[in-house]
1. Relative to the present Cα-Cα distance, how much length would full extension add between residue 259 and residue 57 at 0.36 nm per residue of separation?
2. Give me the number: length gained by fully extending residue 393 to residue 153, i.e. 0.36 nm times residue separation minus the C-alpha to C-alpha distance, one decimal in nm.
3. Under 5 Å between amide hydrogens, which residues at least 5 positions from residue 274 or on another chain qualify, with H placed 1.01 Å from N in the peptide plane?
4. Under the classification rounded if a/c is under 1.5, otherwise prolate if a/b is larger than b/c and oblate if not, where does the stretch 135-240 fall, given a ≥ b ≥ c as square roots of the Cα gyration tensor eigenvalues?
5. Going by how many other beta carbons lie within 10 Å of each one, how would you line up 36, 317, fewest first?
6. What length, rounded to one decimal in nm, is gained on full extension from residue 22 through to residue 124, with 0.36 nm per residue of separation minus their alpha-carbon distance?
7. Between the stretch 131-196 and the stretch 314-355, how many Å separate their Cα centres?
8. Straight-line reach from residue 278: which lysines have a Cα under 29 Å away, not including same-chain ones fewer than 8 places off?
Amino acid sequence: MSVDLSASITRQIGGFVRRAEAARDRGALLEGVFFYRIAAGLCRRLVGRSGAAMGEQTHRMRASRYQRLAAGLELAARVQPQTAGAEPWSCAHSESVSSRRQDARRSDDILDTEALRERVKSMVRRSSVSWEDIGGLEEIKEEIQASLALTLAVPPPGVKIPRNQMMLMEGPPGTGKTLLASAVAGHVGATFYDVKTSQLMSRYFGDSERMVSLLFEEARANAPAVIFLDEVDGIASARTGNESGPERRILTTLLSELEGVVDVEDSLPVMVLAATNKPNLLDDALLSRCSRRIRMPLPDRAARAAILRIHIGRAGYDSLVPIEKIAGETQGCSGRDLQQLCLVAVRTMLWRANPQLRDISRTGEQQDQVQHGQNSEAAKDLHAKELTVLPLTQEDFDRALRGAR
Ligand code: ADP
């Protein structure tokens, strides 16, 4: 059997159109709009894809047809907010809504769909972080690079690629999870969605689930894509039965979207990279969808030295103290602690090496005594003169270490 991606997308389009038609037939107009739009997005994905079963023109025509059908349903939903016996949109997630206020809100909501979509689009990020900016974590970097490369790769017909479609990075704060994701974002080949799960939370009924669905819809339409879900525990904590309706619905939506992503044979190249400091809180169903769980360690001595070198050497500074010595004195520190340490040491050195900095940072009382003209002269001098940069000394580090303890 061929695993041609175009064939897979075509199958998915068929599925979404059927769901749109079924929703329309039972009067769930907004749900129909939603699925027609996904189908239209997928048709656009087929345009220009080599090996597509149908011509470009046909894909364009189908995309605009589904778009028109969505617009028609949207209009109908606005004119007739709630067809008799119709299910509200969110019934797709087996929730019923009874209050008229909520129904009215739903009919207005669709007008906001584009606004929500814009919010999702604004999560697309490029980053200048490179793999060389990450100290230590060699095996983890390699594994993520390999997974990313395999996600982007196009398999020959009839060959299945063992993709890591959902990876979870778990470990203490400051150990480089976001940094690794930023390096992925710096990778040229994929659209990168940088999502703090708090950005998906909305106080309006149904918006959070719609954002989750739109996020995956956008990622599919712009595949190959990587979705980074930072602090995933914020929306995927274990179900206790005590959580509110919205929390349950968001998690259910996320799980069903992930289902589509991790179904290896049929999936589009979309990779989900999630991060958490609290893996114990995560929902079992979410964990079962992770094809790989990565435990982020605190850096060992060699990794600490690598991280210190990055935040000193690569930032343009020198040290009179051997880096290995500082690495030996910082056991138990995270990458973030080490970055902070370097920052304070550098600040201490700059303050020591540039007495002119004191002129510009006089206390208010002193400034009152300084003629306005004189003070702005000092500011001008400071701008005109380059800062003196000296190598970092043991004293600079000691001061930073005292602050860190
Ligand atoms: P997490 O997401 O695990 O809480 P971050 O990736 O946000 O931690 O790390 C915070 C900061 O600490 C980073 O911006 C970086 O400056 C520094 N840092 C952490 N780990 C490393 C590392 N392995 N190499 C270089 N810098 C690091």
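None of the figures in this text is laboratory data; all of them are computed from the coordinates on show. The shown structure was predicted, so the numbers you read here are calculated from the model rather than taken from an experiment. Neighbour counts run over all protein chains shown; Cβ positions are idealised from the backbone, glycine included.
1. Gain on stretching residue 259 to residue 57: 69.6 nm.
2. Values: separation 240, 0.36 × 240 = 86.40 nm, distance 4.83 nm.
That pair, residue 393 and residue 153, stretches by 81.6 nm at full extension.
3. Close amide H contacts, sequence-distant or interchain: 167, 168, 169, 229.
4. Here the stretch 135-240 falls in the oblate category.
5. Going from least to most buried by this count: 317, 36.
6. My answer for the length gained is 33.5 nm.
7. Their Cα centres are 29 Å away from one another.
8. Those lysines meeting the cut-off are 121, 141, 177, 196.
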